[in-house]
Amino acid sequence: MKLVIAGSRPLSGVVRVGGAKNAALKIMAASLLAEGVCRLSNVPRIADVDTMVGVLRGLGARVGLRPDGSMSIDPSGVEHCEPPEELVKEMRASIQVMGPLLARLGHVRARQPGGCNIGPRPIDLHLKGFAALGASITEERGYVSVRAQRLKGAEILLDIPSVGATENIMMAACLAEGTTVIRNAAREPEIVDQQNFLVRLGAKVRGAGTDTIRIEGVESLGSTAYAVIPDRIEAGTFMVAAAMTGGTARVENVIVEHVQALIAKLREAGAEVAEGGSYVVVRGPERLRAVSIRTLPYPGFPTDMQPQFVAAMSVANGTSIVTETIFPNRFRYTEELRRMGANVRVEGRVAVVQGVPALSGAHVEAPDLRGGAALILGALVSDGPTELAGVHHIDRGYEDLPGKLAKLGAAIERVEASECQVG
Ligand code: EPZ
């Protein structure tokens, strides 16, 4: 399967954002803490959600799916303490079941998640948190085993505000004895969404969204129905697409508060951004001005928008300096962007992007999820058609990104690899 994308044209129209991948995956994991069936809605229909369904079923949970992506999760049959190894290999987020399993069963064993295309992805902070809660950790032959008779609340200070570690520790602490305080916690909106879900189950959690989260352990939790927040990175991807193609797009179902860092940078680059109650309207100029960014934990500029923004800067007026402070190796896609004529030089964690008048269509391959999105955006400002391989990376995290871009006027279609004959 490949994508064939015809060249430059402005994107215009209305597009609706779906549920947040990085909230849905963790709330699915948190459902393991419930006594009873949880019903989740506004869950995106993406490959990573399918993988997490596989993980939950592999643990013994019953998961019912509806065509609109909503689902019911019944954890009462959960008795296995080990997520299916092949799924942990495939998706790092599978490790987010460790906290709930430790709290529910007192034991979890998992394959150390490998690094991925954006760098090594250790879980040392997750394990440090579990140990602080009284668990014993053994690591051997690439597996980690975590055991605890009863978790005890503790004061935990995270060396870095890790999103996954904050979430895993928060989930484990819900059923611990006593109070847990997580300091230097990550402040992402997806963590607030998880806290809201846990509170609906009856957990006593507060402070998510700030750098200090307090959890008072309870004996058990109930069940609930819950709607996942909209995906701020999907929203940002469409906002950048409109800004860099000189189009006008109304992006609906957005929590505007969650995309403020991106709005500020798009305005600095010369785009007009109007903020509505639950939408934004982005109007791109003839050509964007080059602006520099530095990715930071929320509420700073999100690392998950760095590749898309570099694609926009590759056809801006001037030179942009892009510093990636979260992941050590998140510029791999720039090799492919250079094949499309971009002038991007990478030195360690810094990319220097000199804007060129236009890119040119080429045969490229997506190295990862957001890098793939960046290459699609680059193809939308290219002279001539682009053929993009590695579409499976994009389908992991976006619900039909090609289809939604086509609705905004992009000439983009999926073709079987054998059919490709782009020049
Ligand atoms: C989450 O990953 C997101 N994934 C990522 O989105 C996102 O880029 C990232 O948070 C940062 O916002 C999901 O939510 C499923 P971290 P996570 O723990 O939790 C290091 C996307 O494109 N670290 O905040 O893995 C780590 O190596 C994906 O949707 C440790 O050193 O991110 C990284 O350099 C990509 N030890 C940094 O911290 C640990 O124990 C931030 O990682 C944990 C993390």
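The values are calculated or read from the model by the stated rules, or taken from the named source; none is laboratory data. The structure presented is a predicted model; accordingly, all values stated were derived computationally and were not measured. Virtual Cβ from ideal backbone geometry, glycine too; neighbours counted across all protein chains shown. Surface areas here come from the heavy atoms of the whole protein model, side chains and all, with no ligands, DNA or RNA. Shrake-Rupley method; radii C 1.70, N 1.55, O 1.52, S 1.80 Å.
Mind checking the per residue accessible area of the chain for me, 1.4 Å probe, whole number of Å²? Mind showing how you got there, number by number?
Details: 15820 Å² over 423 residues.
So the chain comes to 37 Å² accessible per residue, rounded to a whole number.
Assign one of three labels to the stretch 279-423, namely rounded, prolate or oblate, based on the Cα gyration tensor with a ≥ b ≥ c the square roots of its eigenvalues; rounded applies when a/c is under 1.5, prolate when it is not and a/b is larger than b/c, and oblate otherwise. List each step's numbers first, then the result.
Details: a/c = 1.43, a/b = 1.37, b/c = 1.04.
Note, shape of the stretch 279-423 comes out rounded.
Give me the one-decimal nm value for the distance between modelled label points at GLU140 and VAL181, 7 Å along each residue's Cα-to-Cβ direction.
3.8
Is the shape of the stretch 21-227 rounded, prolate or oblate, going by the alpha carbon gyration tensor and its root eigenvalues a ≥ b ≥ c, with a/c under 1.5 for rounded and a/b larger than b/c for prolate?
On the way: a/c = 1.31, a/b = 1.12, b/c = 1.17.
The shape class here is rounded.
Please label the shape of the stretch 1-101 as rounded, prolate or oblate, based on the square roots a ≥ b ≥ c of the eigenvalues of the alpha-carbon gyration tensor (a/c under 1.5 means rounded; beyond that, a/b larger than b/c means prolate, else oblate). Present the calculation step by step, with values, prior to reporting the outcome.
Details: a/c = 2.83, a/b = 1.88, b/c = 1.51.
Prolate, because a/c is 1.5 or more and a/b exceeds b/c.
Please list, or write none, the lysines whose alpha carbon is within less than 29 Å of the alpha carbon of LYS204, excluding same-chain residues fewer than 8 places away.
By straight Cα distance, LYS204 reaches LYS21, LYS26, LYS128, LYS152.
Let's test this: bin the Cα-Cα distances of the chain at 10 Å from zero up to the farthest pair and state each bin's percent.
Histogramming the chain at 10 Å steps yields 5, 23, 31, 24, 14, 4, 0 percent.
When all protein chains stay in place, what accessible area (Å², nearest 10, 1.4 Å probe) is found for PHE238?
0
Based on alpha-carbon positions alone, could you give the equivalent ellipsoid semi-axes of the stretch 137-216 from the gyration tensor, as √(5λ), descending, whole Å? Mind dumping the intermediate values first?
Numbers: eigenvalues 89, 48, 28 Å².
Working from the Cα gyration tensor, I get semi-axes of 21, 16, 12 Å.
Can you give the Rg/Rh ratio of the stretch 200-273, where Rg is from the C-alpha atoms and Rh is the Kirkwood radius?
With Rh from the inverse mean 1/r over Cα pairs, Rg/Rh is 1.18.
Run the numbers on the chain and let me know its relative contact order in percent, using alpha-carbon pairs under 8 Å that are six or more apart.
20
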